[in-house]
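Derivation of every value follows stated rules applied to the coordinates shown; laboratory data play no part. These numbers were taken from a predicted model, which means no experiment stands behind them. In this analysis, Cβ positions are derived from the backbone assuming ideal geometry, glycine residues included, and neighbour counts consider all displayed protein chains.
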Amino acid sequence: MIELRTQGNGQHNLIAPSLLAANFANLENEMEWFNRSEADWLHLDVMDGVFVPNISFGFPVMESVARLTTKPLDVHLMIVQPEKFISQVRDLGAALMNVHQEACVHLHRTVQQIHEAGMRAAVTLNPATPVSTLEEIIGDVDVVMLMTVNPGFGAQKFITHSLDKVKRLRELISRTDSKALIEVDGGVNRTTAPLLRDAGVDVYVTGSAVFGKPDPAGEVSALKGLTCRVR
């Protein structure tokens with residue numbers, strides 16, 4: 001399994017560019033800059049048009065991308081019944097499998113199965129889902145991701161009250177002595193990243209703020225600097 005926390009200086013500022021915002025006509029070039037950048041994970045948003053109102057890409061695309069990078073894959077399944085695809089995500093070589101609390105009838109079992117498959121387990125909450133729903137599972141998950149936009153589309157405006165939600169999640173993690181990292185997805189850019197850092201975020205998923213820019217690797221470096229903190 002991947003080591004989720006950075007080493008040595010107590011910093012927790014992992015940057016995970018989202019493939020959803022990439023140029024799919026030239027993924028090889030996109031992976032070239034990604035590999036040489038300071039990015040930590042590659043975030044893969046899988047949408048089924050049922051759980052969210054859009055369709056993104058499936059395993060053939062992810063398999064191609066996996067061959068182009070050695071960095072950890074953070075697979076975010078915005079789909080119904082994600083537990084059906086645990087073995088396929090594992091075979092992809094993913095380090096982290098991310099499922100929605102709202103999509104899993106038996107969340108604890110799904111988290112167990114992800115761990116048994118040799119991956120880290122992440123659980124995502126939609127904007128309207130309260131942090132309290134994770135009270136009984138927080139000690140078992142490696143990452144909790146908060147959607148800071150409504151899932152299904154890229155380039156949306158950041159939901160500002162998500163900052164308070166991050167703080168509530170940080171309090172829950174501290175109170176329960178959980179080792180889970182806090183990840184956020186949606187509207188992360190140079191403006192929102194420092195606010196999220198101060199609220200207690202560890203992992204920053206970013207799409208249009210990086211992909212499509214004249215110097216995407218430079219944008220990743222800028223976000224690294226803006227999210228750096230020492231505890």
Within region 117-173, can you find the residues that are within 24 Å of Pro194 (Cα to Cα) and charged (D, E, K, R)?
Asp142, Lys157, Asp164, Lys165, Lys167, Arg168, Arg170, Glu171
Candidates Gln88, Gln113, filtered to the one that is closer than 28 Å to Asn35 by Cβ and touching a helix residue (DSSP H, G or I) at 6+ places or on another chain (Cβ under 9 Å):
Gln88
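Name every residue in region 174-191 that is surrounded by 15 or more Cβ atoms within 10 Å (Cβ to Cβ) and out of contact with any Leu (no Cβ under 9 Å at 6 or more places or on another chain), in order of residue number.
Taking region 174-191 first, the residues surrounded by 15 or more Cβ atoms within 10 Å (Cβ to Cβ) are 178, 180-189.
Correct list: Gly187 only.
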Tell me, which residue of region 74-101 that is touching a Pro at 6+ places or on another chain (Cβ under 6 Å) and within 15 Å of Met47 (Cβ to Cβ) is surrounded by the most Cβ atoms within 10 Å (Cβ to Cβ)?
Val99
What about Thr176, is it in contact with a Ser or Thr (Cβ under 6 Å, 6 or more places away or on another chain) and in contact (Cβ under 8 Å) with a residue 12 or more places away in the chain?
no
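Does Thr70 satisfy the condition of being in contact (Cβ under 8 Å) with a residue 24 or more places away in the chain, among the polar types (S, T, N, Q) and surrounded by 14 or more Cβ atoms within 10 Å (Cβ to Cβ)?
No: the conditions fail for Thr70.
Does Val143 qualify as being at negative phi and buried (at least 20 other Cβ atoms within 10 Å of the Cβ)?
Criteria met by Val143.
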